[in-house]
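Asker: I am attaching a structure below and will ask some questions about it afterwards.
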Amino acid sequence: HAKEQAELAELFDFSDHCKRTASLVADCRADLRIIKGLWDLISVVTTTLTEWEGTLWNDIDTETMDSEAKALHKALKGLPKRARDFDAFGGCDTDIKDFLLALPCIGDLKSPSMRDRHWKQLMRATGKSFTMNENFSMGDLLALKLFDFVEEVAEIVDRAQKELTIEKQLAKIEETWAELNLDFVPYGETEVVLVQASEELIEALDDSQVQLQNLGGSKYVAGNQSFQDQVN
C-alpha cells in the first residue's frame, strides 16, 4: 500500500508527500521491531515469575531468583530507549522491581528463628492471613505484597533472631543445671547430713544468676509470657 501511495505521489508530483510516507513506514517498521522485542521479553518475565510463584516454601532459592531477576531487568533496560514510551515497558519494569524488593524479605523470613508467633505477627502487619504448611508457596508470600512492608518484615525477623538467642541461652542454662549435682556429707558422727556445693556448682550459680537477671530486663522477655515464666 505504501509503495502504491509513493507511486501515485510521484506521478502527481507530490514528492514531499512521498518522502513523508516513506519516513512514516520506516518509523512504523522500527517501532514494530522494538515492540516485538519488548513483548518477547515480557513473555519471558511473565513465564519466569509465574513459575517461581509455584515454588514451595522449602524449595525457594532466593539467591538464584535474585540473580535471574536482575538479569531480566538488565535485559529490559537494554532495550532501545523508544521501548520506554510504551505502557507495557513500565508494567514489566514495575513487576520485576516489586519482585526484587520482596526477595530480601522472603530470604529473611526463611530464617530458622521464625516461629508460629512471628508468622502471626506478619499476618497482622500485612492485614492478610495464610496457613504455613507443606503447600505454602512463593505465590502465597508474594500475595502479601511484601514490598510494601519491608520495614515491618525486618523488625519481625530481627525480633525472631533476638528471641532465638534467648531460647538458646535458656536451653544452655537448663542443660548446665541438669548435669550438676549436690553433694551430701555427714555432720560429724551424727546422722545429720549436710549439703555441700562444689566450687563448680557455685560458679555456675553465679553465672546463671547474672544471665537470668540480664534476660529479665530484656524487652523481648517482657513481651513474651513463655520467656517470662522460664526466666522467673
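Asker: Just from its helices, what would the mean residue ellipticity at 222 nm be for the chain, if runs of 4 or more DSSP H residues each count -39500 (n - 2.57) and the sum is divided by every residue, rounded to the nearest 500 deg cm²/dmol? Please report the intermediate quantities before stating the final value.
Answerer: Numbers: 10 runs with 163 residues, N = 232.
Result for the chain, helices only: -23500 deg cm²/dmol.
Asker: How much FRET efficiency would the formula 1/(1 + (r/R0)^6) give for L79 and W119, where r is the Cβ-Cβ distance and R0 is 35 Å, rounded to 0.05? Could you put the intermediate results ahead of the total?
Answerer: Numbers: r = 40 Å, r/R0 = 1.14.
After rounding to 0.05, the efficiency reads 0.30.
Asker: OK, next. Select from L144, L38, L205 the residue whose mean-square fluctuation is largest in a Gaussian network model of the chain (Cα-Cα springs shorter than 10 Å).
Answerer: Sorting by GNM fluctuation, first place goes to L205.
Asker: Got a sec? Which residues in segment 187-211 would a label at T176 touch, if it sits 7 Å along Cα→Cβ and we count backbone N under 14 Å?
Answerer: 199-211
Asker: Moving to a separate point now. Percentage of Cα-Cα pair distances in segment 147-232 greater than 22 Å, rounded to whole percent? Display every interim value, and only then the final one.
Answerer: Values: 1753 of 3655 pairs.
Percent of Cα pairs beyond 22 Å in segment 147-232: 48.
Asker: Now for a separate question. Based on the Cβ-Cβ distance from L212 to E152, what FRET efficiency comes out when R0 is 41 Å, to the nearest 0.05? Working shown, then result.
Answerer: On the way: r = 31 Å, r/R0 = 0.76.
Once rounded, the FRET efficiency stands at 0.85.
Asker: Right, another one. In square angstrom, what is the accessible area per residue of the chain with a 1.4 angstrom probe? Before the final figure, lay out each step's value.
Answerer: Details: 15340 Å² over 232 residues.
Per-residue value: 66 Å².
Asker: I want to check the label-to-label distance for E200 and F136. Put each point 7 Å from Cα in the C-beta direction and report it in nm to one decimal.
Answerer: Using points 7 Å along Cα→Cβ, the separation is 4.2 nm.
Asker: Among Q213, Q196, Q161, which one shows the biggest mean-square fluctuation in a GNM of the chain, springs joining Cα atoms closer than 10 Å?
Answerer: Its mean-square fluctuation being the largest, the pick is Q196.
Asker: Got a number for the accessible area of V195? Probe 1.4 Å, square angstrom, nearest 10.
Answerer: In the full protein context, V195 sits at about 90 Å².
Asker: On a straight-distance basis, which lysines could pair with K97 in a cross-link, Cα separation under 16 angstrom, same-chain partners fewer than 8 positions away excluded?
Answerer: Filter leaves K70, K74, K77, K145.
Asker: Rounded, prolate or oblate: which fits segment 101-196 when a ≥ b ≥ c are the square roots of the eigenvalues of the alpha-carbon gyration tensor, with rounded for a/c under 1.5 and prolate only if a/b beats b/c? Let's see the in-between values first.
Answerer: Working: a/c = 4.96, a/b = 4.14, b/c = 1.20.
Here segment 101-196 falls in the prolate category.
Asker: Now for a different question. Regarding the chain, what's the average projected area of the Cα-atom convex hull, expressed in nm²?
Answerer: Working: hull surface 82.8 nm².
Directional mean of the projected Cα hull area for the chain stands at 20.7 nm².
Asker: Follow-up. Over the alpha carbons of segment 37-169, what is the largest minus smallest coordinate on each principal axis, giving the biggest first in Å?
Answerer: 58, 27, 26
Asker: Could you look at the chain and say what percent of its accessible area is carbon and sulfur, using a 1.4 Å probe and all protein chains?
Answerer: Values: 7980 of 15340 Å².
So the carbon and sulfur contribution to the accessible surface is 52 percent.
The values are calculated or read from the model by the stated rules, or taken from the named source; none is laboratory data. Since the structure is predicted, the reported quantities are computational estimates derived from the model, not experimental observations. Methodologically, a virtual Cβ is constructed for each residue, glycine included, from the backbone with ideal geometry; neighbour enumeration extends over all protein chains shown. With ligands, DNA and RNA removed, areas are computed over all heavy atoms of the protein, side chains included. Shrake-Rupley method; radii C 1.70, N 1.55, O 1.52, S 1.80 Å.
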